[in-house]
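Report on the following structure.
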Amino acid sequence: MINSAALTDLIIKMADDELIQGHRNSEWTGLGPVMEEDIAFSSMAQDKIGHAWALYRILYEDLGGRHPDAFAFLRPEKEFKSSHLVEMPNGEYDFSLMRHFLFDQAEAIRYESLQDSSYEPLRLLSKKVKGELKYHTLHANAWIMQLSQAGEESYNRMQQALNYAFALAAGIFEPSQEYEEVLIADKVYPGEKVLYQRWLDRVYPVLVKASLNLPEISDIVPVYGGRQGIHTPYLQPLLKEMSEVFNLDTEASW
Amino acid sequence: MYGGGYIFDEPNRNQLREEQQHDEPEKLAAFEARIANGEKIEPGDWMPAEYRRQLIRLIEQHAHSEIIGALPEGTWITRAPGFKRKLALIAKVQDEIGHGQLLYNAAETLGKSREAMINDLLSGKSKYSNVFNYPAETWADVAVIGFLIDAAAIVNQVANAKGSYGPYCRALERICYEESFHLKQGHDAFIELATGTPAQKQMLQDALNRWWQPIMHFFGPPDKSSSHSEKLMQWKVKMASNDDMRNQFLESYVPKIWELGLTLPDPVLRKNTATGRWEYSDPDWDEFFRVINGGGPCNMERLQVRKWAEERGRWVRKALMKPMEKRVLPVA
């Protein structure tokens, strides 16, 4: 029997990252730098929010959690476990794109690792989302390459975005203080430390090929806190906006 | 969505230009015979300059309406209540942008670039459907737009899909297919509110009252005062009269609104059983022209948002134009 509190903790942090990242992606809908990117970010927003929904449904159906709408739209900020990376405002397209690259590679690696999970619902979901994530990472890689090699302004922007986003992205792999060992022992997933290493191995070659200067791995101080309910000042306004209509009448059907 | 029934034009440009009227009469006759015969005109075919001009104007305005039309609904994506509505709304607005892309491509086949069209939109030279110069104040506005504005647009677009210009017709066929799903999601959200709590129902009624006049305006001024030439009809650029499209819309949707126990803010609205046509109060046409000319509640905001997005994305577009530069070493 897998420890359900540990599973719940893992699923909430995955789902919250997907929901908030999807929310940020959807903020590009209608406002992208070119129509094609507008469409791409909207499409990825749907996938991310769809993944979040699927994860919340696992909590609801299998682990005694609340209804997905109520859980996502009515939960207080301190009960969210999203990483600081996804909470950051979109800023310019350079940061949004770099975050998309770093986040989606991390997401892809996480789901790949879940293909062998001892927990069946996550194993099944990871197989389902594999095809989608392939396109997200292809999209991110292609744009990182293009924008890093298209003149000084574009290159400088991508470099600055990388400098800014890298430690935040490393924070995705904040280990659970309570459940890390039990999840590894139960073979739910290989643990954050392993995923972080795999992620570095995956993103470095792309960034090198794009001629971007990389931070020294030993110098990186990952931005932790999100998994413990400590958030950036940007999460609360986002949640307030997200639940604005739902909160008009939480019992009503919308 | 979102091609309004009304093709905006600058004053005094509705008539064929002098040189057009005498331009290559044999080719013109052959061209008109093809159209009369139900054939499609394709990009490489000969066409009168005036036909090209009118089509660019029509398709361009339709494309602008798609990308500007994404804005009022787009602001509700982050606030949509629940996963189902949120996902449906993102997908819908994404489709609208996709329609814009298809339409700009169709217009480009006539010789005007996307950049030139966007520039004309931003400078105010080229218009978009008037209906998007009104605000979406509450979630119920999203339901009204998704159901009724999309429905109105479908009436117009189904007609235009039978027009004479091949690339536009093919784009419209795909657009209409997707719009029929938009209509379903709009209808679903609309019914949810109409059959919901008293507060939800009131919210919907208020939104309906606000949007009724813009919806009546959507198909353009009455035929009796419309100055568009018969030529556009003959060339199958314009496929149905404003009044006919408005009547068709009322015929299909007013009963559906009334069935839900909602009212419409027009005391004389009714179907005349003798004529089979709908009767209604004339909406305020002065307001219509005031809004077209920039005086609507959101004209300024819509264009400013679009300008802001264009400005912010400029470096990306510039980078896309550059060939990849290979760096030997990472530069400090």
Using amide H atoms built in the peptide plane, which far-off residues or other-chain residues are under 5 Å from B:Tyr165 H to H?
B:Ile41
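Within 14 Å, Cβ to Cβ, of B:Ile191, how many net charges do the neighbouring residues add up to if Lys/Arg are +1 and Asp/Glu are -1? Provide the component values of the computation, followed by the final result.
Values: positive: B:Lys84, B:Arg85, B:Lys184, B:Lys201, B:Lys256; negative: B:Asp188, B:Glu192, B:Glu259.
So the environment of B:Ile191 carries a net charge of +2.
Once you keep just the Cα pairs under 8 angstrom separated by 6 or more residues, what percentage relative contact order results for chain B?
Values: 379 pairs, mean separation 72.3, N = 332.
Worked out over chain B, it gives 22 percent.
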Which residues does a label at B:Leu320 reach in segment B:38-72, if reach means a backbone N under 19 Å from a point 7 Å past the Cα toward the Cβ?
B:60, B:63-71
Quick one: helix A:35-62 against the long Cα principal axis of chain A, what's the angle to the nearest 10°, folded into 0 to 90?
30
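Would you mind counting up the charge near B:Phe181? Only other residues with Cβ under 10 Å from its Cβ, with Lys and Arg at +1 and Asp and Glu at -1.
Values: positive: B:Lys92, B:Lys184; negative: B:Asp95, B:Asp150, B:Glu178, B:Glu179.
Here the charged neighbours net out to -2.
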Shielding of B:195-206 by partners, i.e. mean partner chain Cβ atoms within 10 Å per residue?
2
Are there any helices in chain B, counted as whole DSSP H runs, that stretch 27 Å or more along their axis by Cα and score at least 0.5 on average by Kyte-Doolittle, and if so which?
none
For Cα pairs less than 8 Å apart in space and 6+ apart in sequence, what is the mean separation divided by the residue count of segment A:62-193, i.e. the relative contact order in percent?
30
With the Cα gyration tensor of chain A giving a ≥ b ≥ c as the square roots of its eigenvalues, does the rule (a/c under 1.5 for rounded; else a/b larger than b/c for prolate; else oblate) give rounded, prolate or oblate?
oblate
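What net charge is computed for the residues neighbouring B:Asn242, neighbours being all others with C-beta under 11 Å from the C-beta of B:Asn242, Lys and Arg scored +1, Asp and Glu -1?
Once all neighbours under 11 Å are counted, the net charge is 0.
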Among A:Ile230, B:Ala140, B:Ile59, which residue has its Cα positioned farthest towards the positive end of the charge dipole of the protein assembly as shown, with +1 placed on the Cβ of Lys and Arg, -1 on the Cβ of Asp and Glu, and the dipole taken about the Cα centre?
B:Ile59
Could you give P(r) for segment A:98-203, binned at 5 Å from zero, as whole percent values over all Cα-Cα pairs?
2, 12, 19, 20, 18, 12, 8, 5, 3, 1
Gap in Å between the Cα centre of segment B:192-255 and the Cα centre of segment A:1-67?
38
Between exposed GluC sites (Glu not before Pro) in chain B, where DSSP calls loop and at most 16 other Cβ atoms lie within 10 Å, what's the longest gap?
B:138-324
Using label points projected 7 Å from each Cα along Cα→Cβ, tell me how many nm separate B:Asn37 and A:Ile2, to one decimal.
6.8
Can you compute the FRET efficiency between A:Glu120 and A:Lys78 using 1/(1 + (r/R0)^6), with r the Cβ-Cβ distance and R0 = 41 Å? Round to the nearest 0.05.
0.85
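Rounded if a/c is under 1.5, else prolate if a/b beats b/c, else oblate: with a ≥ b ≥ c from the C-alpha gyration tensor eigenvalues square-rooted, which is chain B?
oblate
Values quoted throughout were computed directly from the atomic coordinates according to the rules given, and no laboratory measurement underlies them. These numbers come from a predicted model, not from an experiment. Neighbour counts run over all protein chains shown; Cβ positions are idealised from the backbone, glycine included.
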